[in-house]
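Peer 1: My questions will all concern the structure given below.
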Amino acid sequence: MTEPLRNPDAEHTPVMLRETLDLLRCRPGGIYVDATVGMGGHALSILERCQPGGLLVGIDRDKESLEKAAARLKPFSGNFRLFHDNFKNLPLILNNLAARPVDGIVVDLGVSSYQLLSPERGFSFQSDVMLDMRMDRSQQWTAADLVNGMSESELADILYRYGEERLSRRIAAAIVHERARAPITRCAQLADIVSRVFKVRFHQGIHPATRTFQALRIAVNQELDGLEEFFPEAFSFLKPGGRMVVIAFHSLEDRLVKSAFRRLAGQCVCDAPPELCKCPRQALANLLTSRPIMPGSEELAANPRARSARLRSVERL
Ligand SMILES: C[S@@+](CC[C@H](N)C(=O)[O-])C[C@H]1O[C@@H](n2cnc3c(N)ncnc32)[C@H](O)[C@@H]1O
C-alpha cells in the first residue's frame, strides 16, 4: 500500500519564517536575494517588509515552482525579478542586474514540499510513480538513469556519501540484482527493494528507503557540488551590515554551511594543532548563530516536515 499524496499546491508553508525575517531585518528600499525561491513563501514576506522601493531577486532551478512563485508574488510586480537558474550563478545574475551590493540573502536548501508531493516529479518513495527526482526538468539524467546506469560500487558510494546509509553495499547489490531482471523505473519499486534489504517497511516511523532516496536526490541534482564555495561568493555581494540566512535540512549541508560561516568569521575550521593551522584568520563576518537555530515546538506541530531544519546566519562586517 502506498500513502495517498496530499495536494502539493497546498503545501508551501515556509520553514522558520519568523526566525528568517528577524535575522534579515528587512528595510524599505532594500535589495534582497532569495536564492531558492521555491513557491515564494519566504519571498512574499520579504517583499511585504521591504516596501516601498524594495527589490527581491529570486532564483530557482525548478521552472514550475518559479511560475507558482510568480503568481503568488504578483501583488508586488515591479518589485521582484525571478530567474530560472542554479543559484551558483548568482554573481552573474547580480552583476547583470547591477543590483549590488545587497542587504540580505536567504538560502532555503533542498527540496520543496511542492516537489516532494507532486507525483509526476518522482521524489517520493510513498507513491508508485516514475523515479525522476530532477529539480530542473530540462536536465537530462534522472534518478532512474543513475539507478540503472551506475556500477554497483558507484551506487554504494553515493548511498554511503550522500545518504550516510550504513547498508549501502547491500542495497547497491540488491539494486544491481533486481535491475538485471528488469529496469528499475518506479519509486515504489526502488522503495520495495530497499525495504527487503532491511526486512521492514517502517522502522520507528521512518521508511528504510529515506536515506537511499535522499542520496539519489542529492546525486541527481548535484546538490553539494560547489556549495561550500557558493557561500563566500554570495556573501561578497552583501553590503556591510548585510545578512545571510541559510536553512539546511541534513547534516551534510549543515556541515558545509557551518564551516563556510566559521571561515568567514575568521575562525579555525581544520583539525590541525594551532601551530600548523593555515585557516585564514581574517574576520569578514559576525556569526549571528554560534549554534544552529531549530524550529520551535509550535512550528513542528504545524509542520512536521520542518523537523530536520537547521538555520545559520552571518552578518558582513
Ligand atoms: C526548500 S525549497 C524553498 C522553499 C521556499 N523558501 C518557499 O518558501 O517556498 C528549496 C528550493 O530550492 C530549489 N533549489 C535547490 N537547489 C538549487 C540550486 N542549486 N539552484 C537553484 N534552486 C535550487 C529547489 O528547486 C526548491 O524549489
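The values are calculated or read from the model by the stated rules, or taken from the named source; none is laboratory data. Note that the structure is predicted; figures quoted are calculated from it, not measured. Ideal geometry is used to build each Cβ from the backbone, glycine not excepted, and the neighbour counts take in all protein chains shown.
Peer 1: Go through the stretch 193-227 residue by residue and tally those that are surrounded by fewer than 16 Cβ atoms within 10 Å (Cβ to Cβ) and acidic (Asp, Glu).
Peer 2: Of the residues in that region, 1 qualify.
Peer 1: So how many residues does the stretch 128-167 have that are surrounded by fewer than 21 Cβ atoms within 10 Å (Cβ to Cβ), of a type in the set (Gly, Ala, Ser) and more than 16 Å from the ligand (Cβ to nearest atom)?
Peer 2: 3
Peer 1: Cβ contacts < 7 Å: first residue within 20 Å of residue 257 (Cα to Cα) and small (Gly, Ala, Ser), restricted to the stretch 267-285; second residue modelled with pLDDT of 85 or more and in a loop (DSSP other than H, G, I, E, B), any location; separation 6+ or different chain. Result?
Peer 2: The qualifying pairs are 283/265; 283/266; 283/317; 285/265; 285/317.
Results for (1) touching an Asp or Glu at 6+ places or on another chain (Cβ under 6 Å); (2) touching a residue at least 24 places away in the same chain (Cβ under 8 Å), shown as yes or no for each residue.
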{"position": "240", "(1), (2)": "no, yes"}
{"position": "256", "(1), (2)": "yes, yes"}
{"position": "265", "(1), (2)": "no, yes"}
{"position": "296", "(1), (2)": "no, no"}
{"position": "304", "(1), (2)": "no, no"}
{"position": "312", "(1), (2)": "no, yes"}
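Peer 1: Considering every residue within the stretch 14-37, establish whether at least one is hydrophobic (A, V, I, L, M, F, W, C), more than 12 Å from the ligand (Cβ to nearest atom), part of a strand (DSSP E or B) and modelled with pLDDT of 95 or more.
Peer 2: yes
Peer 1: Which of the residues that make up the stretch 63-82 are surrounded by 15 or more Cβ atoms within 10 Å (Cβ to Cβ), within 12 Å of the ligand (Cβ to nearest atom) and more than 17 Å from the chain's Cα centre (by Cα)?
Peer 2: Across the stretch 63-82, the qualifying residues are 68, 72, 73, 82.
Peer 1: Determine, yes or no, whether residue 55 is more than 21 Å from residue 216 (Cβ to Cβ) and within 17 Å of the chain's Cα centre (by Cα).
Peer 2: Numbers: more than 21 Å from residue 216 (Cβ to Cβ): yes; within 17 Å of the chain's Cα centre (by Cα): no.
So residue 55 does not fit the description; no.
Peer 1: Filter the stretch 232-254 for residues that are within 14 Å of the ligand (Cβ to nearest atom), over 18 Å from residue 293 (Cα atoms) and buried (at least 20 other Cβ atoms within 10 Å of the Cβ) and give the result.
Peer 2: Hit for the stretch 232-254 is 234, nothing else.
Peer 1: Right, another one. Could you check the stretch 38-62 and list, in sequence order, the residues that are within 11 Å of the ligand (Cβ to nearest atom) and within 20 Å of residue 135 (Cβ to Cβ)?
Peer 2: Here is the first cut: in the stretch 38-62, the ones within 11 Å of the ligand (Cβ to nearest atom) are 38-46, 58-62.
38, 39, 40, 41, 42, 43, 58, 59, 60, 61, 62 - these are the residues of the stretch 38-62 that are within 11 Å of the ligand (Cβ to nearest atom) and within 20 Å of residue 135 (Cβ to Cβ).
Peer 1: Being buried (at least 19 other Cβ atoms within 10 Å of the Cβ) and of a type in the set (Val, Ile, Thr) is the filter here, so list the residues in the stretch 10-30 that pass it.
Peer 2: Passing the criteria: 15, 20.
Peer 1: Among the residues of the stretch 197-228 satisfying the criterion of being more than 16 Å from the ligand (Cβ to nearest atom), free of Cβ contacts under 8 Å to residues at least 12 places away in the same chain and in a loop (DSSP other than H, G, I, E, B), which is farthest from residue 106 (Cα to Cα)?
Peer 2: 199
Peer 1: Would you be able to say whether some residue in the stretch 292-314 is surrounded by 13 or more Cβ atoms within 10 Å (Cβ to Cβ) and in contact with a Gly (Cβ under 6 Å, 6 or more places away or on another chain)?
Peer 2: no
Peer 1: Select, from 85, 108, the only residue that is near the ligand (Cβ under 9 Å from one of its atoms), buried (at least 16 other Cβ atoms within 10 Å of the Cβ) and more than 14 Å from residue 41 (Cβ to Cβ).
Peer 2: 85
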